[in-house]
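Visitor: Would you mind keeping the following structure in view while I ask a few things?
The values are calculated or read from the model by the stated rules, or taken from the named source; none is laboratory data. Bear in mind the structure is a predicted one, so any value in this text is a computation, not a measurement. Note that we place each Cβ from the backbone using ideal geometry, even for glycine, and neighbour counts take in every protein chain shown.
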Amino acid sequence: MLNLVTDRVALCYIFYKLKFIIMKMYYFTDPMCSWCYGFSPAIKKLKEEYPNIDLEIISGGFSPYSTQVVDDEYKDFLLYHWKNVNARSGQYFNHSMKFISETFRYDSEPSSRALMVIKEISPKQDFEFLSLMQKAFYVDGNDITNDIVLAGLAEEIGIDKSDFLKLLRSDEMKLKTNQGFQFSRQLGVQGFPTLLTIENGAVKVITRGFLDLSSLKEVVDNWLNSLSVPQPGVGQSCSGDTCEC
């Protein structure tokens, strides 16, 4: 009986200590993934309310190097999914899509590279910058594949435009951005948004696809309490609640 009591006390102490251990979690996203935009309020709250989780953004590459033009057919495709994201998340979308032009391509590499630059220059502002890009694209209709637009957003968080552009256009940042895409593939990330951890060398998926805040917190609480990660179902390409690459 004494051993049982002792074991229970020890177990409770372990869980108590775990509350103060910094747990590493990776957030795989993409600035031009609409479900990630819908997920952004929940992930922001997660970061605020769980300071013991070291949440690192990885731009996984939803559509890097894409040559997709936004013609009438593709615009209808986007509008269909944007309406679904709005219905689930409440996030506002500007359906005018002012970013459309003869030169615009749905290439998410430049905005992913811009996020990598912010992580290099001012890593504590990476979530803030990601939110700025999402707002610029989905709400203001700005072309976030454009270097000058991206530099203007960087300036909004206090970063010198010329410094930003120099790094954005460097081979080093292009390489690091591509490494982020490769890291995503190596870990088996198939859609965005995705939250996962690496425990004892094994990839543990926490959630894949859109969740509201209460559902997200339930999943994360279960993971923190049990140190095991529930495996979600598989979604479809840019339908349901996730954008697949």
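Each row is one residue, and each column tells you yes or no for (1) farther than 29 Å from K161 by Cβ; (2) modelled with pLDDT under 95; (3) not hydroxyl-bearing (S, T, Y).
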| site | (1), (2), (3) |
| --- | --- |
| L55 | no, no, yes |
| Y74 | yes, no, no |
| A87 | yes, no, yes |
| S108 | no, no, no |
| S111 | no, no, no |
| A114 | no, no, yes |
| S122 | no, no, no |
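Visitor: Examine the stretch 50-64 for a residue that is among the hydroxyl-bearing types (S, T, Y) and touching a Pro at 6+ places or on another chain (Cβ under 9 Å), and state whether such a residue exists.
Guide: The answer is yes, given that some residue of the stretch 50-64 is among the hydroxyl-bearing types (S, T, Y) and touching a Pro at 6+ places or on another chain (Cβ under 9 Å).
Visitor: Please note which helices (runs of 4 or more DSSP H) are completely contained in the stretch 76-162 and include at least 1 residues that are touching a Ser or Thr at 6+ places or on another chain (Cβ under 8 Å) and farther than 21 Å from I43 by Cα.
Guide: Correct list: 109-121, 147-156.
Visitor: A further question follows. Just one of K24, K17, K44 is in a helix (DSSP H, G or I), modelled with pLDDT under 95 and either of a type in the set (K, R) or under 18 Å from V219 (Cα atoms) (or both); which is it?
Guide: Matching residue, one of K24, K17, K44: K17.
Visitor: Residues Y80, Y65: which one is without any contact (Cβ under 8 Å) to a residue 40 or more places away in the chain, out of contact with any Lys or Arg (no Cβ under 6 Å at 6 or more places or on another chain), surrounded by fewer than 20 Cβ atoms within 10 Å (Cβ to Cβ) and not basic (K, R)?
Guide: The unique qualifying residue is Y80.
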